[in-house]
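Since the structure comes first, as structure tokens, the remarks are kept for the end.
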């Protein structure tokens, strides 16, 4: 892997991905977030692959890196949330104006148009994920499909929103 062999990297990835994912999941409690952080760590390892020759125990290095990356992420999020809380503490709502209500109605109408243009299963997956706040794993279990299929449908729906917004 240190020499840039993608097959070696793939074998390492397959051997350790699930272990690292479960380790990170204990910290963040969110399957999607744990998956994203796991991916980021493996991307980072690929980027610094030449330095891996110096590592005595890859597994120990991986878990130490996973812990540090996850804790740094959580620290960053907590600072952002503290900042948001401070802003909200000083926030004074302004009365709604007729223009705001019109824009909200137009926005809801646009969303409905986009949803109506999606295939039925993609629309159902989008609604379960975004309107009912279900995780990809929960949606997959409800519909009897793989998590990967749920992710593909969500990518498709996001692309449709982006395309129509342009």
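Every number in this text was worked out from the coordinates using simple rules, so none of it is lab data. Because the structure is a prediction, the values reported are computed rather than measured. Cβ placement follows ideal geometry from the backbone for every residue including glycine, while neighbour counts extend to all protein chains displayed.
Of all residues in the range 125-140, exactly one satisfies the criterion of being assigned to a helix (DSSP H, G or I) and out of contact with any helix residue (DSSP H, G or I) (no Cβ under 9 Å at 6 or more places or on another chain), namely 131. Between 12, 48, the distinction of being out of contact with any helix residue (DSSP H, G or I) (no Cβ under 6 Å at 6 or more places or on another chain) and touching a residue at least 40 places away in the same chain (Cβ under 8 Å) belongs to 12 only. Within the range 52-85, the residues that satisfy the criterion of being under 29 Å from residue 4 (Cα atoms) and free of Cβ contacts under 8 Å to residues at least 12 places away in the same chain are 54, 55, 56, 57, 60, 61, 64, 68, 72. Between a residue in the range 119-137 that is more than 15 Å from residue 152 (Cβ to Cβ) and any residue that is surrounded by fewer than 14 Cβ atoms within 10 Å (Cβ to Cβ), which pairs come within a Cβ distance under 9 Å, given they are 6 or more apart or on different chains? Hits for this filter: 135/30.
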